[in-house]
Structures are given as structure tokens and as C-alpha cells.
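Inspection log for the structure reproduced underneath, given as C-alpha cells.
The values are calculated or read from the model by the stated rules, or taken from the named source; none is laboratory data. Since we're looking at a predicted model, the values are computed, not measured. Glycine gets a Cβ as well: all are built from the backbone with ideal geometry, and neighbour counts include every protein chain shown. Note: accessible area is taken over every heavy atom of the protein model, side chains too, but ligands, DNA and RNA are not part of it. Shrake-Rupley method; radii C 1.70, N 1.55, O 1.52, S 1.80 Å.
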Amino acid sequence: IYSCAGIFFSPVSEYFHVSKAAVAGYFSALNITMMVALPIAGKLMSKFDLRIVLTCCALLSGMGCLSISFMSAVWQFYIAGVVMGIGLPALLYLAVPAMINAWFKVKVGFLTGLCMAFTGIGGVIFNQLGTVLIRTGHDGWRRGYLVFGLIILVVTLPFTIFIVRSDPSEKGLAPYGSERTEADNEPDLQTKGVMAPRAMRTSAFIALAGFCGIITMNQTVYQFLPSYAHSFQN
């Protein structure tokens, strides 16, 4: 949904005879919804069973993507963008750090980076697959959204329903590396409640937020590179 959005802008705009900006607007709606949904998703993940939250998010993401393949007007894409924007944050940004921190006490940074690296690998693979599907015909973009939606549902749901666990204790296990962590080094609950507001006022947090903003702008710009390359064929 996210890494491959740009390959659909040109074929959809040509199909409906509208500007690329009109089509790309649904991606803006998706991003704005994600911005609002991220803190809400974080709270839900901390209060409810991770399987329930991620399953609902996978359904919203998959069904939203799949529904685009049947749409007859560009304005309908915006509705799908909002639906996917609600479902994507937990899957795209929150699931990996939440689960890695719950299941591992050592090598947390390495394992988080390893898991997140597959978003790039997935982008490489699925951009190629999406391009092949789009080229199957005048409405090949419909097949692309349909296949992507089915892949999300078929691949993701079995994991979120049957495999994912919020905490190792649900399986009678302890986090990997917990034996190396001394109990007296762990902050108590009262300290945890004080740390977050204080940390958000530090220069390090402000710098991190600024860096994330710059990276997000870069992610938005590269979605238009396929349309730019496509312009040379016309």
C-alpha cells in the first residue's frame, strides 16, 4: 500500500482522465489519517490484545486496498485512503518495536532494524509485481490493487490471528536475554510515568522528531518518481 503507491498515480489518472495531483490526493488523505491514528493505535496496542488490534488493522488495510479495484470515481479513492490510514500505522510503524521490546531484552536495536529493513525489500519486490499487473491492460491498475489487497489479507491475517502474542508470558516464556537484565536496573512504574513528559522536552527528542519529519517528506517525494519516469514515454 505505502511503498508502491506511486506506481498507480499515472495509470489511474489516465484511466479517469484527471490530473495526477487529483489521484495523489488520496495518498495525502491516507498520510493525514495516519498522523491522527498513530497515537490512538499506540494506546489501543497497550490496552488490548495485540492480536485483536493487528487483525482489525490488517482487515482495514487489506479491504481498503482491495476496494479500490472496484471504484468508479477518483473521489472514492479518498474514502479508501482514510480507511487504510486507520489500519496502516499499527502494522507499518508500531507492531515491530512493540513486539521486539516485549520479546527481547538484548539486541533490541539490531532486531528492530532487521525487521524494518524488510519494508525496503518488500518495496523492491512488490513495485515490480505491481508494474507487471498494471501493464496487463488499460485497467491493469485494478488488478494491481486487487492482488495487493488479497496478499495483505491472505499473508497477514494468519499471523495476526494465530501466531502473534503481546507478551512471552502468554506462552509461558520469558523475554530473550531477560536473565542478563538485573531487576534493580529496571525503572519502577512511578518513574516510567515521569520519564516520558520529561524526555519529550529534551533536545534529543526534538532532533529525532525533526529527523522523522525530513524522512517523511522524502518518502512522499519518491512516490512521484514513477510518474516522472512515465512522462518520458509520452
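General remarks:
- With the simple model of a label 7 Å out from the Cα in the direction of the Cβ, Ala174 to Lys47 spans 3.2 nm.
- Residues of type lysines that Lys171 reaches as a straight line, Cα spacing below 20 Å, ignoring anything fewer than 8 places off in the same chain: Lys47, Lys105
- Database remark: amide H of Phe104 closer than 5 angstrom to the amide H of Tyr176 (H placed geometrically; neighbours at sequence offset of 5 or more, or on other chains; Pro and chain starts carry no H).
- Derived scalar couplings between HN and Hα for the range 142-154 equal 5, 5, x, 5, 5, 5, 4, x, 5, 4, 4, 5, 6 Hz in order, rounded to whole Hz, by the Karplus curve 6.51 cos²θ - 1.76 cosθ + 1.60 (θ = phi - 60°), x for Gly and Pro.
- For the chain, the gyration tensor built on C-alpha atoms gives a prolate shape. Its axis ratio a/c (a ≥ b ≥ c) is at least 1.5, and a/b is the larger of a/b and b/c.
- With the convex hull constructed from alpha-carbon coordinates only, the range 1-49 shows a mean projected area of 4.3 nm² over all directions.
- The range 15-135, accessible surface, carbon-and-sulfur percent (1.4 angstrom probe): 76 percent
- Average accessible area per residue (Å²) across the chain - probe 1.4 Å, nucleic acids and ligands excluded: 59 Å²
- Structure-based [θ]222 nm, the chain - -39500 (n - 2.57) summed over DSSP H runs of at least 4, per residue, nearest 500: -22500 deg cm²/dmol
- Between the residues Ser61, Phe77, Ala98, the greatest Cα displacement towards the positive end of the dipole of the chain, with unit charges on the Cβ of Lys, Arg, Asp and Glu, is found for Phe77.
- Solvent-accessible surface (1.4 Å probe) assigned to Tyr176 amounts to roughly 120 Å².
- With DNA, RNA and ligands ignored, accessible area of Ile100 (1.4 Å probe; Å², nearest 10): 20 Å²
- Residues considered: Arg201, Arg180, Arg142. Largest GNM mean-square fluctuation over the chain, using C-alpha springs under 10 Å, is found at Arg201.
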